[in-house]
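The values are calculated or read from the model by the stated rules, or taken from the named source; none is laboratory data. Note that the structure is a prediction, hence the values are computed from the model and not measured. Ideal geometry is used to build each Cβ from the backbone, glycine not excepted, and the neighbour counts take in all protein chains shown. All accessible areas refer to the heavy atoms of the entire protein, side chains included, with ligands and DNA or RNA removed. Shrake-Rupley method; radii C 1.70, N 1.55, O 1.52, S 1.80 Å.
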Amino acid sequence: MKVPLLDLKPQLETLRPQLLEALTRVLDSTGYILGPEVAHLETRIAAYCGTAHAVGLSSGTDALLAALMALDIGPGDRVLTTPYSFFATMGVVLRTGALPVFVDIEADSFNMDASQAAEALAADRKQGGTIKAILPVHLYGQCADMPKLTALAAEYGIPLIEDAAQAIGAECPFPQADGSVVWKRSGSMGLAGCFSFFPSKNLGGVGDGGMLTTPDAQYAETVRSVRNHGAETRYYHKRVGGNFRLDALQAAVLTVKLDFLDTWHKKRAANAAQYRKLFAEAGLVDNPVRLPKEVWAQVEGAESHCHHSYNQFVIRVRNRAERDALRQFLLDHEIGCAIYYPLCLHQQECLPEAVRGAHLPLAEAAADTSLALPIFPELQPEQLVFVVETVQKFYQER
Ligand SMILES: *Cc1c(COP(=O)(O)O)cnc(C)c1O
């Protein structure tokens, strides 16, 4: 039995008539750059995320870059972020001329450790305060510790930008003074939320695309100008921007798909629950296989919220050699799997020497021991069974 890591075909087949209709509509309109399709998707995404404004951008990377450029972050500035993410999170910081400051991740969640973020900010403040933004990532579809991180941003008076590329629709609980809990969606917790519509994300286009959400009208306008070479009036440039525009064709496709997003989230969550059951029945849980922790699942009311959007289902094993062997074993049995990410950001060769030296043991351990298994919505029950049986077989043969 073949089990791909991701198969986009079933989604395409179900939506083919609607997608073709949308694509034809844009094609016939001859309005290919921005225009009503992009504006419509912006309105829909803002409503979905619970923010006042949304700006369509050419990719998740460009959303992050535009977010920083609109804040005039540049040489001499630093951005506090996580060492365990896709390269774009750090790449955009370096492209502005600023430097990243890394703190380690939490032991269980793969996300930035908020207590270490607090220490880094306190230390930076004593040295004059060069940290100009906090950039947490909601890795694999689960929100970072946003109640703590947004409190830090407020305390230090610096903006927080969410890298929500993997986490559209993911929700995070904020405890209130009266004991109740308010759940907020990714992209609605800081100054800006940055989303990617890369085809492998939960809401994927038929090419590249991205979006920035924000509660701030002024900031939204600045991002709109950054998206268009820094011009508010055509040919008059107040700042230097780029061509970071979302295509009308992508916007039309994404508008069709947005209606199905919550259903797909539920299917991903059901697949995750099924994996948990099967791994437990196989007697593999905790040792040798650690399943991804659902950090927010314990909070009251979590069942009715998307506390993990499962863009990836990432297990951990005991060491790098075992992980690499398991990966090969699964691939040999035609099961797709992948390592996100084999090398931490603070270890990347492109980094200036000064930032590269850090030792961040939990991030490094995650890079050594994690493996992503298939979790896409249309996976069949027998495919999930086959994945777990094959993992079990791997350990039986060892
Ligand atoms: C996918 C991704 C990005 C970049 O998005 P693109 O649309 O591919 O440019 C940024 N950050 C994270 C965490 C991602 O997973």
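Starting from the residue with the highest accessible area, list TYR235, TYR84, TYR156 in decreasing order, probe 1.4 Å. Don't jump to the answer; show the numbers that get you there.
Numbers: TYR235 170, TYR84 0, TYR156 40 Å².
Putting TYR235, TYR84, TYR156 in descending order of accessible area: TYR235, TYR156, TYR84.
Scaled against 2.2 N^0.38 Å for its residue count N, the alpha carbon radius of gyration of the range 261-396 is 1.15.
The stretch between ASN319 and ASP108, if pulled fully straight at 0.36 nm per residue, gains 74.4 nm over its current Cα-Cα span.
Assign one of three labels to the range 75-200, namely rounded, prolate or oblate, based on the Cα gyration tensor with a ≥ b ≥ c the square roots of its eigenvalues; rounded applies when a/c is under 1.5, prolate when it is not and a/b is larger than b/c, and oblate otherwise. Judged from the Cα gyration tensor, the range 75-200 comes out oblate (a/c at least 1.5, b/c at or above a/b).
Taking the chain as a whole, the Cys residues whose C-beta sits 4.7 Å or farther from every other Cys C-beta are CYS49, CYS194, CYS306, CYS337, CYS344, CYS350.
What ratio of Cα Rg to 2.2 N^0.38 Å holds for the chain? Show your work: numbers first, answer last.
Working: Rg = 21.1 Å, N = 398, 2.2 N^0.38 = 21.4 Å.
Ratio of Cα Rg to 2.2 N^0.38 Å: 0.98.
With each label modelled as a point 7 angstrom along the Cα→C-beta vector, the GLU221-ARG44 pair spans 2.8 nm. Accessible surface ranking for MET112, MET189, 1.4 angstrom probe, highest first: MET189, MET112. For the range 172-282, the equivalent ellipsoid derived from the Cα gyration tensor has semi-axes of 35, 22, 11 Å, listed largest first.
Carbon and sulfur: what percent of the chain's accessible surface (1.4 Å probe)? Carbon and sulfur atoms account for 53 percent of the accessible area of the chain. Accessible surface area normalised per residue over the chain is 42 Å², counting heavy atoms of protein chains with a 1.4 Å rolling probe.
Which of the helices in the chain, when you take each full DSSP H run, stretch at least 20 Å along the axis at their Cα atoms and have an average Kyte-Doolittle score of -0.5 or higher?
Values: long enough: 9-29 (28 Å, -0.33); 35-49 (21 Å, 0.11); 261-281 (30 Å, -1.02); 381-396 (23 Å, 0.07).
Helices meeting the span and hydropathy rule in the chain are 9-29, 35-49, 381-396.
Taking 7 Å steps out from each Cα toward its Cβ at GLN380 and ASP28 produces label points 3.8 nm apart.
Largest accessible area first, the residues LEU20, LEU121, LEU278 order themselves as LEU20, LEU278, LEU121 under a 1.4 Å probe with ligands, DNA and RNA left out. With a threshold of 22 Å on the Cα-Cα distance, the over-threshold entries among LYS9/LYS267; LYS2/LYS257; LYS132/LYS293; LYS267/LYS393; LYS148/LYS257 are LYS2/LYS257; LYS132/LYS293; LYS267/LYS393; LYS148/LYS257.
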